[in-house]
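Peer 1: I have a structure here, written as C-alpha cells, and I will follow up with some questions on it.
The values are calculated or read from the model by the stated rules, or taken from the named source; none is laboratory data. Bear in mind the structure is a predicted one, so any value in this text is a computation, not a measurement. Note that we place each Cβ from the backbone using ideal geometry, even for glycine, and neighbour counts take in every protein chain shown. With ligands, DNA and RNA removed, areas are computed over all heavy atoms of the protein, side chains included. Shrake-Rupley method; radii C 1.70, N 1.55, O 1.52, S 1.80 Å.
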Amino acid sequence: MGVYSRTRWFYYQRNGEVMISGEDEISLRKSDKPNSLSYETVVPYREWMNGAELSLTVGEYGCCSRLMSKASRSLTRYEETAPYVPQLIYMVPKAETVKSRSLSGRAYIGFPVNETVIYPEFQKNLEELAKIRATIDSVRNDSDVTIYAISIKGFASPESPYDNNARLASGRTQAVKQYVNELYGFAPEFISTSYEPEDWEGLRRFVENSSIPHKKEILALIDSDREPDNKEWKIKSEYKDDYRYLLDNCYPYLRHSDYVVEYVVRSYADPDEIGRIMMERPQNLSLNEFYVYAQTLEQGSPEFIEVFETAVRMYPRDEAANLNAANTAMSRGDFISALRYLDKAGNSPETIYASGVCAYLAGYMDHALELMKKARDLGVGQAAEVIEVIENKK
C-alpha cells in the first residue's frame, strides 16, 4: 500500500516510474479515502511457514525514492499445534538374582543295527556330533558363562521288541555321554542321562501331520491302552503300506538324542558394558539389564527402539518384553507390530493402557475411551488425561 502526497503522485505518473506498491496498485484520491483499507491474499503453505511471523513494515520515502525511515511490527504468528500423543508406559522387568540359562538341541546319531557304539564316520554322525559340540562350545568359550550341568535323553523307534529298544536307548545314551566326557573331560556326575525306549509321542505328531490313508485308525491305535509291542504289531499287520511309509520316512527320526546345556551368566551393571554385550552376545543379558541400558538413551530414538526390539527377540514369550516392544512400535507408527506384541503382553493394567494408546493413535476413539476407563479403574493414573482429551474431542 502506498500513501503519496499530491506532488509525489503526479511525479510518478509523469515520469512513468513504478509505484511503491507495484504496477497493479489501486489509486484513491484523498476525497475518496475510506476509514480503513482491507487487504487479502492467499499463498501456498510451505513447511518453513510453521512458526513464521507475519509483520507489517512501514517505509517513508523522500526525493528520488530514497528510503528515509523504516519500521516493522508483528501482526501475528502461525504455529501448528503438535498432535497430542499419550504417554507411553514402559514396564520395568524384574531383576534376576541368578541368571540361569539353558541351550537345547537334538542329534540324530546313527548306529548299526542292535549296536550301541558310536562310529563317527557312520551315516551323518560327523555332522550330528558337531551339533552337540557347537552347542556346548557356544557357551563354554564365553568367559562370562559357567556351565553347571548337561543332560542327555535318548530315544529309540518302535520297530522291534520293547525290551530290546529299552536296551538300545539306554546304551546309546551312555555312548553319547561317554563321547562328550572324553571330549571335554567333565566329571562323570556332571552329565545326567535318561532314556525313553520308544518315541510314541514323536510318531503320533508325525502321523497327525501326515496324509496317510489310515491316519485316523493309526492315531486311535497309538492312543490306545495296548502294550507298545502290540500297538506296533497291529499297525504293521493291518496297515502294511502305511507302516512301510512310516518305517522309511518317520522311524529314522524317532531315534534321537536330546541334550540340554545348563549354565549361569554373570550380571552386568555398567550401561556401556551392557550396550557392548547387546551388540555381541545379547542372549547374555537379562530383561532388566536391557531396561537399564535403555534409560541412558533418548526415548523414541532409533537406539532406544533397538534395545527393546532386541530384548523381545531374546525373550519372545515374556509379557514385559512384549509390552515394551509394543510401545516402541507405536512410537514409530507401526500399529500392526504393536498389536502383535500386545497379544503376547498379558492383561496387566499397563497392557490395557497400552492397548488404549494404540487405539487412540490409530484413530479408534470409542475403543480407546473404553480401554482407558478400564485402565484408570485399575489404577493407571496416566489414563485420566487421555480420557479428558478424547472427551474434549467429542
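Peer 1: Compute the separation of the alpha-carbon centres of the range 227-270 and the range 307-327 and state it in Å as a whole number.
Peer 2: Here the answer is 32 Å between Cα centres.
Peer 1: Can I ask one more? Give me a comma-separated list of calculated 3J(HN,Hα) values for the range 243-260, in order, Karplus coefficients 6.51, -1.76, 1.60 applied at θ = phi - 60°, integers in Hz, x for any Gly or Pro.
Peer 2: So the Karplus estimates, Gly and Pro as x, are 5, 4, 4, 5, 4, 7, 10, 10, 4, x, 8, 8, 9, 8, 10, 9, 10, 10 Hz.
Peer 1: Grab the alpha carbons of the range 264-394, take their convex hull, and tell me the volume per residue in Å³.
Peer 2: 114
Peer 1: Obtain the nm distance between the two label points defined at ARG276 and ARG317 by a simple spin-label model: each point lies 7 Å from its Cα along the Cα-to-C-beta direction.
Peer 2: The two pseudo-label positions are separated by 3.3 nm.
Peer 1: Could you identify which residue out of VAL18, VAL98, VAL292 has the top mean-square fluctuation in a GNM of the chain using Cα springs shorter than 10 Å?
Peer 2: Result for the chain, Cα springs under 10 Å: VAL18 fluctuates most.
Peer 1: For the ranges 211-224, 249-262, what's the packing order if you count other beta-carbon atoms within 10 Å of each residue, average per peptide, and put the highest first?
Peer 2: Details: 211-224: 13.9, 249-262: 18.3.
By packing density, highest mean first, the sequence is 249-262, 211-224.
Peer 1: Now for a different question. Taking only protein heavy atoms and a 1.4 Å probe, what accessible area per residue, in Å², does the chain have with all protein chains in place?
Peer 2: Details: 24320 Å² over 394 residues.
Ligands and nucleic acids excluded, the figure is 62 Å² per residue.
Peer 1: Say each of GLN174 and GLU60 gets a label point 7 Å from the Cα, pointing the same way as Cα to Cβ; how far apart are those two points in nm?
Peer 2: 11.4
Peer 1: Now a separate question. Set the bar at 31 Å for Cα to Cα. Now go through LYS177/LYS215; LYS99/LYS177; LYS177/LYS236; LYS94/LYS393; LYS131/LYS216; LYS153/LYS236 and name every pair that lies beyond it.
Peer 2: LYS177/LYS215; LYS177/LYS236; LYS94/LYS393; LYS131/LYS216, as the Cα separations exceed 31 Å there.
Peer 1: Once phi is turned into ³J(HN,Hα) by the Karplus curve 6.51 cos²θ - 1.76 cosθ + 1.60 with θ = phi - 60°, what whole-Hz value does each residue of the range 373-387 show in order, with x for glycine and proline?
Peer 2: Computed from phi, the couplings for the range 373-387 are 5, 5, 5, 4, 5, 8, x, 8, x, 5, 5, 4, 4, 5, 4 Hz.
Peer 1: What length, rounded to one decimal in nm, is gained on full extension from GLU309 through to LYS124, with 0.36 nm per residue of separation minus their alpha-carbon distance?
Peer 2: The span from GLU309 to LYS124 would gain 62.8 nm if fully extended.
Peer 1: Now a separate question. Could you tell me which residue out of SER355, ALA375, ALA345 lies farthest along the dipole of the range 344-394 toward its positive end? Charges go on the beta carbon: Lys and Arg +1, Asp and Glu -1, centred on the Cα centre.
Peer 2: Towards the positive end, the residue furthest out is ALA345.
Peer 1: Per residue of the range 52-69, in order, report the coupling 6.51 cos²θ - 1.76 cosθ + 1.60 (Karplus, θ = phi - 60°) as ³J(HN,Hα) in whole Hz, putting x for Gly and Pro.
Peer 2: Whole-Hz 3J(HN,Hα) from phi for the range 52-69: 7, 10, 9, 10, 9, 10, 10, x, 10, 10, x, 4, 6, 6, 6, 6, 9, 7.
Peer 1: Turning to a different aspect of this structure: Taking Cα centroids, how far is the range 58-120 from the range 129-155 in Å?
Peer 2: 36
Peer 1: Under the 0.36 nm per residue contour assumption, what length would be gained going from the current alpha-carbon distance of ALA362 and ARG73 to full extension?
Peer 2: 99.8 nm
Peer 1: If you don't mind, there's one more thing I want to ask. Might you report the magnitude of the Cβ-based charge dipole of the range 197-325 about its Cα centre, with Lys and Arg at +1 and Asp and Glu at -1, to the nearest 20 debye? Show your work: numbers first, answer last.
Peer 2: Working: 16 positive and 27 negative charges, 120 e Å.
So the dipole magnitude of the range 197-325 works out to roughly 580 debye.
Peer 1: At R0 = 45 Å, how high is the FRET efficiency between ALA149 and THR81 if r is their beta carbon distance? Nearest 0.05 is fine.
Peer 2: Given R0 = 45 Å and the Cβ-Cβ separation, E is 0.15.
Peer 1: A follow-up question, please. Using the Cα centre as the reference, give the magnitude of the dipole from point charges on the C-beta atoms of the chain (Lys, Arg: +1; Asp, Glu: -1; all else neutral), rounded to the nearest 20 debye. Intermediate values should be presented prior to the final figure.
Peer 2: Working: 47 positive and 60 negative charges, 303 e Å.
So the magnitude is around 1460 debye.
Peer 1: Using the Cα centre of the range 260-359 as origin and beta-carbon charges of +1 (Lys, Arg) and -1 (Asp, Glu), tell me which of PHE304, ASN284, ALA321 is placed farthest towards the positive end of the dipole.
Peer 2: Result: ALA321.
Peer 1: How big is D, in µm² s⁻¹, for the range 240-303 by Stokes-Einstein at 4 °C and 1.567 mPa s if Rh is the Kirkwood radius over C-alpha pairs?
Peer 2: In µm²/s, the coefficient rounds to 82.
Peer 1: Compare MET91, MET19 by solvent-accessible area with a 1.4 Å probe and give them largest first, with all protein chains kept in place.
Peer 2: Sorted by accessible area, descending: MET91, MET19.
Peer 1: At q = 0.11, 0.22 Å⁻¹, work out log10 I(q)/I(0) for the range 1-132 with the Debye formula, treating every Cα as an identical point scatterer and leaving solvent out; two decimals please.
Peer 2: Values, matching the q order: -0.75, -1.37.
Peer 1: I'd like the Kirkwood hydrodynamic radius of the range 153-252, using the inverse of the mean 1/r over distinct C-alpha pairs, in Å.
Peer 2: One decimal place: 14.8 Å for the Kirkwood radius.
Peer 1: Would you kindly work out the equivalent ellipsoid of the chain from its C-alpha gyration tensor and give its semi-axes, the square roots of five times the eigenvalues, largest first in whole Å?
Peer 2: Each semi-axis is the square root of five times an eigenvalue, giving 79, 26, 22 Å.
Peer 1: Same structure again: Given the protein chains as shown and a 1.4 Å probe, how many square angstrom of THR173 are accessible, to the nearest 10?
Peer 2: Counting only protein heavy atoms, THR173 exposes about 0 Å² to solvent.
Peer 1: Sticking to Cα atoms, compute the Rg of the range 314-353 to one decimal and its Dmax as the biggest Cα-Cα distance, whole number, in Å.
Peer 2: 9.0, 24
Peer 1: In debye to the nearest 20, how big a dipole does the range 164-240 give about its Cα centre with +1 on each Lys and Arg Cβ and -1 on each Asp and Glu Cβ?
Peer 2: For this selection, approximately 280 debye.
Peer 1: Taking 7 Å along the Cα-to-C-beta vector as the label spot, tell me the SER160-VAL3 distance in nanometres, rounded to one decimal.
Peer 2: 11.3
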